[in-house]
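The structure appears below as structure tokens.
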Amino acid sequence: MSRVAIVTGANQGLGFALAEGLVQRMAAGDVVYLTGRSGDRLRDAATRLTAPVADVDTHVLDVRDGAAVAAFAGELRDRHGGVDIVFSNAAARLTPQTPWSELIEPFVDTNNLGTTRMLRAFSPILRPAGRLLVVASDFGTLNNLPTSLHDRFDTDTMSLDDVDATMLAWRDAVLAGTAGAEGWPDWINIPSKVGQVAAVRVLARDRREADKRTDTLIAAVCPGLIDTAASRPWFDDMSSAQTPAQAATDPLRLALNPVSPDTYGELVQFGRVRPWL
């Protein structure tokens, strides 16, 4: 059976590198879907792929649109019978000198609610031995939050709806100017990444035993610092940053190699698990 892969935010940066790596490493007859918000940019990205082996398709998809995400999953279920590799990579960009209050709503809608929309839509159609991987960062562990906030991310008892509610409450606190008083870090990437990893942990908790029997992996991935247009404004020295192609190497191994059981439901960086706490 031909395999099916999907990458969100695939027209540039890490998303493009992940899509290109899949296109090169998957087999003839497999298909890789590049998705993003601009059809023109996706078509341009498809023409820039080098040495493709698998088939390439593009699909305009905004992860802020829950109905569109669900409809695309249904379309792939009907067309292919399911999916095998999903990289949930779409992310809203942060810009310096812009108040958090102006950025927080699209940021949470894309990075957090977009993640849970992808998990809800694509986990039911993930075939045995599939990979459902969320691109996060090393900010995504509880160690980056004060202990007073840890109970808001009790992934042993939460549902995905609970994770969404926690992220929306934090968003509202940022908008109201009360987030600092509640103990939230000022750098909004930290709570957002914690929320992404929490969502992965919650979904994995409920699927763990069944997925173990079928070599299926659900995990969050931390690619490390990448030299992209989104990251350059935040760092004075990018000499240690990876190219997108370099940063894609380890996530692609997770997507294409046999599962290491210790990575299931965890945040994985350079092949190693970053402890939740």
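Relative to the longest principal axis of the Cα atoms of the chain, the long axis of helix 160-176 lies at roughly 50 degrees. Once the Cα atoms of helix 113-122 and of the chain are each reduced to a long axis, what angle between those two axes, in degrees from 0 to 90 to the nearest 10, is obtained? Orientation of helix 113-122: about 30 degrees from the principal axis. Around the amide H of Gln269, modelled in the peptide plane, lie the amide H atoms of Cys222, Arg274, all under 5 Å away and 5 or more residues distant in sequence or on another chain.
DSSP bridge analysis restricted to the chain gives an antiparallel fraction near 10%, rounded to the nearest 5.
At 0.890 mPa s and 25 °C, plugging the Kirkwood radius over alpha-carbon pairs of the chain into Stokes-Einstein gives what diffusion coefficient in µm²/s?
Details: Rh = 18.8 Å.
Result for D is 131 µm²/s.
Residue-wise HN-Hα couplings along the stretch 250-258, as the Karplus relation 6.51 cos²θ - 1.76 cosθ + 1.60 with θ = phi - 60° gives them from phi, are 6, x, 5, 4, 4, 6, 10, 9, x Hz; Gly and Pro carry x. Based on the alpha-carbon gyration tensor of the stretch 152-277 and its eigenvalue square roots a ≥ b ≥ c, which shape applies: rounded if a/c is under 1.5, prolate if not and a/b is larger than b/c, or oblate? Cα axes put the stretch 152-277 in the oblate bin.
Each other residue within a Cβ distance under 11 Å of Pro261 adds +1 if Lys or Arg and -1 if Asp or Glu, for a net charge of -2.
Secondary-structure-derived ellipticity at 222 nm for the chain, considering helices only, amounts to -13000 deg cm²/dmol, per-run term -39500 (n - 2.57) for DSSP H runs with n ≥ 4.
Using the beta-carbon distance between Ala28 and Asp161 and R0 = 51 Å, what value does 1/(1 + (r/R0)^6) give for FRET efficiency, to the nearest 0.05? For R0 = 51 Å, the calculated efficiency reads 0.80.
Compute the FRET efficiency between Met238 and Val60 as 1/(1 + (r/R0)^6), taking r as their Cβ-Cβ distance and R0 = 41 Å, and round to the nearest 0.05.
Working: r = 31 Å, r/R0 = 0.76.
The formula returns an efficiency of 0.85 here.
Computed extension length for Ala230-Asp154: 24.3 nm, one decimal, from 0.36 nm per residue of separation with the Cα-Cα distance subtracted.
Relative to the longest principal axis of the Cα atoms of the chain, helix 66-80 runs at roughly 20 degrees.
Divided by 2.2 N^0.38 Å, where N counts the residues, the Cα radius of gyration of the stretch 9-77 comes to 1.08.
In the frame of its principal axes, the stretch 1-149 has Cα extents of 49, 32, 28 Å, reported largest first. Taking the stretch 211-242 and a reference point 7 angstrom along Cα→Cβ of Asp186, the backbone N atoms nearer than 18 Å belong to 234-236.
Between Ala71 and Val273, the distance separating the two model label sites (each 7 Å from Cα on the Cα→Cβ line) works out to 4.0 nm. So if I take the centroid of the Cα atoms in the stretch 104-173 and the same for the stretch 230-277, what is the distance between those two points in Å? After rounding, the separation between the Cα centres reads 18 Å.
What's the FRET efficiency of Ala129 with Gln246 using the Cβ-Cβ distance as r and R₀ = 30 Å, to the nearest 0.05?
Details: r = 27 Å, r/R0 = 0.89.
For Ala129 and Gln246, the calculated efficiency is 0.65.
Assuming charge only on the beta carbon of Lys and Arg (+1) and of Asp and Glu (-1), the dipole of the chain about its Cα centre is about 660 debye to the nearest 20.
Every read-out reported here was derived from the displayed coordinates using simple, explicitly stated rules and does not represent laboratory data. All of these numbers come straight from a predicted model, not from anything done at the bench. Positions of Cβ are generated from backbone atoms using ideal geometry, with glycine treated the same way; all protein chains shown enter the neighbour counts.
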